[in-house]
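Peer 1: Dropping a structure here in structure tokens format, bear with me for questions.
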Amino acid sequence: MTSLEPAPEEAVALSLWQEFKVDEATATSKYAGKTFHFAHVVVDKMTFLGEGGDTELFVQEGIDPNIEQVKFKTDTAFDILNARENYVTEIVGKVQGMQFGYLIIHILWLKVIDPPGGDTKPPPEY
């Protein structure tokens, strides 16, 4: 018999980022290493996926350091291949902490929900 892991707790990236900005030490002890489900993440910026691409693979919500900057990072381009800027995604990720003003969350699972399934064609930079 196999037991299932409990579903990750729901979270809003903006709310977590705000908590980290107010008191990074407390937020780190409270959230670092925890897995959350982010039901509605708008991709405001992302990795360039063309040849010689970025060394950092990510989708990012928020671009203004005074409002919100959350980077959802991954180790493989496959995880974010169908995402594009301005798409809405659903992400399950593990909180890593703050780095250079960005809240870093490691992607465990990502699904593009608007447009459904995302873009299956290679990005224009290919």
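Peer 1: To the nearest 10 degrees, how steeply does helix 13-22 sit against the main Cα axis of the chain, on a 0 to 90 scale?
Peer 2: 50 degrees
Peer 1: While we're looking at this one, here's another question. Could you tell me which label, among [x] 191; [y] 122; [z] 147, carries the value of volume of the Cα convex hull per residue in Å³ calculated for this structure?
Peer 2: Matching the structure shown: [y].
Peer 1: Using each residue's phi in region 64-69, evaluate 6.51 cos²θ - 1.76 cosθ + 1.60 at θ = phi - 60° and report the 3J(HN,Hα) Karplus result to the nearest Hz, with x for Gly and Pro.
Peer 2: 9, x, 8, 10, 5, 8
Peer 1: If you take every DSSP beta bridge fully contained in region 9-114, what fraction is antiparallel? Give it as a percent rounded to 5.
Peer 2: Percent antiparallel among DSSP bridges in region 9-114 is about 80.
Peer 1: Given only helices, namely DSSP H runs of n ≥ 4 each adding -39500 (n - 2.57), what is the per-residue ellipticity at 222 nm of the chain, to the nearest 500 deg cm²/dmol?
Peer 2: -4000 deg cm²/dmol
Peer 1: Would you mind calculating the gained length between GLU10 and ASP75 on full extension (0.36 nm times residue separation, minus the Cα-Cα distance), in nm to one decimal?
Peer 2: That pair, GLU10 and ASP75, stretches by 21.1 nm at full extension.
Read the figures in this text as sums done on the coordinates, not as results from a lab. Note that the coordinates shown come from a computational prediction; the quantities given were computed from them, not determined experimentally.
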